Amino acid sequence: MKIVDARVIVCSPDRNFVTLKLQTSSGLTGVGDATLNGRELSVASYLQDHVCPLLIGRDGACIEDTWQYLYKGGYWRGGPVGMTAIAAVDMALWDIKGKTADLPVFELLGGKSRDAVLVYGHANGATAPEVLEWVGRYLDEGYRAVRVQCGVPGLQSTYGVSADKRSYEPADADVPTENLWSSERYLSFIPGVLESVRKHHGFDFHLLHDVHHRLRPIEAAELGKRLEPYRLFWLEDPVPAELQEGFRLIRQHTTTPLAVGEVLPTVWDFRTLITEQLIDYVRTSVQRAGGISHLRKIAALAELYHVRMGCHGATDLSPVTMAAALHVDVSIPNFGIQEYMPHTEATYEVFPRAYAFRDGCLHLSDAPGLGVDIDEAAAARYPYRRAYLPVNRLEDGTMHSW
Ligand code: EZ4
Ligand code: CO
């Protein structure tokens, strides 16, 4: 079963996506997500110019060998661009493997460990009352886990807080939006918001919060301590993930569970965090971390150290990544939770899918392969638009330096 065609499709049905479509001599196709938010065209080029030519004529059945060939053969290992490109190839080959076997991919990963995948929704608001209202709506819709983000008085705009309450789109401009940041203002405000969420809505659901890498270790330690009474499911990205020693300091001070790693692409990036048990949840996903093959290795290492998986699932991960993540989520033993931010109708028009939300969980169908595709004619109607993620400045105008 040779790979006979490899196409890179760039489109923007309400946001940018890069998709790889492979075709085999047996007449099957497979899709992979290669979207790297704000740097999309770099991955498109990496695939088009440097990977697709190597795929034509290769045996599409050899997923692991192809992974090793692309990872090691690239010489410049790791990094978000290369790992996203390899991820797309890997996903597409698993899709083809499933279709060849006429089985959903989770059956090839060992079968189901659970029937459905627990997800968390996103309640964000400019003010605390708005947050409370949206937490209520999510709970009414059956969500069992809700992430809460709130605007901070004195800071005009805050990452993760948007007008759209269903999904927020941080890559919102063709040059980066500049947000203001003050750890002092944030730390004096956010514990009260989480306290009022528990006061109004109780403890019978999982509550999550994302710091988006904006604190220093000692500030994060203080926050974790102050949030303990509100029993968070996790506190995400309290500090930037590249200074892993920072997590030792946070751990010494708080029992609030920690989640990290939506920007980390390889098992080696997680090694210290996992083996020293500095975190409780791994946040990377299929498309960030080299595909299903490599994500499973991260999950397996995490399993040995009592660390669970909580895959990233914001709207910049296409429905292809969401489907692939769900196959991993239902099959691994150490699943924790899956982030879920519904895509827009335009996105779903381009990416027909076979998963659905019900009772706080996402449910996979038994469709063979990943159970998701790309409608290329629809994709062609939504051309690429440059869009960047924001940056943070401190109140004195300095770029946020950590
Ligand atoms: O910043 O998806 O937990 N989710 C997040 C997201 C990420 C964006 C980056 O592309 O932090 O909002
Ligand atoms: Co995050």
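The values are calculated or read from the model by the stated rules, or taken from the named source; none is laboratory data. Only a predicted model underlies this, so the values are computations on that prediction, with no experimental measurement involved. Reconstructed Cβ throughout: ideal geometry from the backbone, glycine too, with neighbour counts over all protein chains shown. The area values use the complete protein model at the heavy-atom level, side chains included, leaving out ligands, DNA and RNA. Shrake-Rupley method; radii C 1.70, N 1.55, O 1.52, S 1.80 Å.
Straight Cα distances below 24 angstrom link residue 99 to the lysines 2, 21, 112, 297, with same-chain residues fewer than 8 positions distant left out.
Per-residue ellipticity at 222 nm, computed for the chain from helices alone with -39500 (n - 2.57) per DSSP H run of at least four residues, works out to -10500 deg cm²/dmol. The separation of the stretch 242-275 from the stretch 8-63, counted between C-alpha centres, amounts to 31 Å.
Just the protein heavy atoms count here, and of the accessible area of the stretch 251-349 at 1.4 Å, carbon and sulfur take up 50 percent.
Sketch the reach of a paramagnetic label on residue 303 as a point 7 Å from Cα along Cα-to-Cβ, and name the residues of the stretch 319-361 whose backbone nitrogen lies under 18 Å away. The answer is 325-338, whose backbone nitrogens lie closer than 18 Å to the label point. Most tightly packed first, judged by the mean number of other beta-carbon atoms within 10 Å of their residues, the peptides 384-391, 146-153 read 146-153, 384-391.
Summarising the strand pairing of the chain, around 50 percent of its internal DSSP beta bridges are antiparallel. The value of relative contact order for the chain, using C-alpha pairs under 8 Å at least six residues apart, is 23 percent. A protection proxy built from the mean count of other Cβ atoms within 10 Å ranks the segments 230-240, 61-71, most packed first, as 230-240, 61-71.
Report the residues of the stretch 177-192 in range of a label on residue 395: point 7 Å along Cα→C-beta, backbone N strictly under 13 Å from it. 180-189, by backbone N distance to the label point. Just the number please: accessible area per residue for the chain, 1.4 Å probe, all protein chains included, in Å². On a per-residue basis, the chain sits at 39 Å². List the pair-distance distribution P(r) of the stretch 326-402, using every Cα-Cα distance, as the percent of pairs falling in each 5 Å bin from 0 up to the bin containing the longest distance, rounded to whole percents. Bins of 5 Å from zero give 3, 10, 15, 15, 14, 11, 12, 9, 7, 3, 1 percent of pairs. In terms of overall dimensions, the stretch 165-224 has a Cα radius of gyration and Dmax of 14.4, 42 angstrom. Packing around the peptides 328-334, 102-108, 13-19, taken as the average count of other Cβ atoms within 10 Å per residue, puts them in this order, highest first: 13-19, 328-334, 102-108. With Cα atoms defining each centre, the stretch 108-133 and the stretch 74-102 are spaced 26 Å apart in the structure.
Translational diffusion coefficient of the chain (Stokes-Einstein, Kirkwood radius from Cα pairs, 37 °C, 0.692 mPa s): 154 µm²/s.
In the stretch 222-346, inverting the average of 1/r over every pair of distinct C-alpha atoms gives 14.7 Å as the Kirkwood radius.
The lysines whose alpha-carbon is closer than 20 Å to the alpha-carbon of residue 225, local same-chain residues fewer than 8 away aside, are 199. Value of Rg to Rh for the stretch 1-138, rounded to two decimals, is 1.09; Kirkwood radius and Rg both from alpha-carbon coordinates. Scaled to the globular estimate 2.2 N^0.38 Å, the Cα spread of the stretch 123-179, given as radius of gyration, is 1.20.
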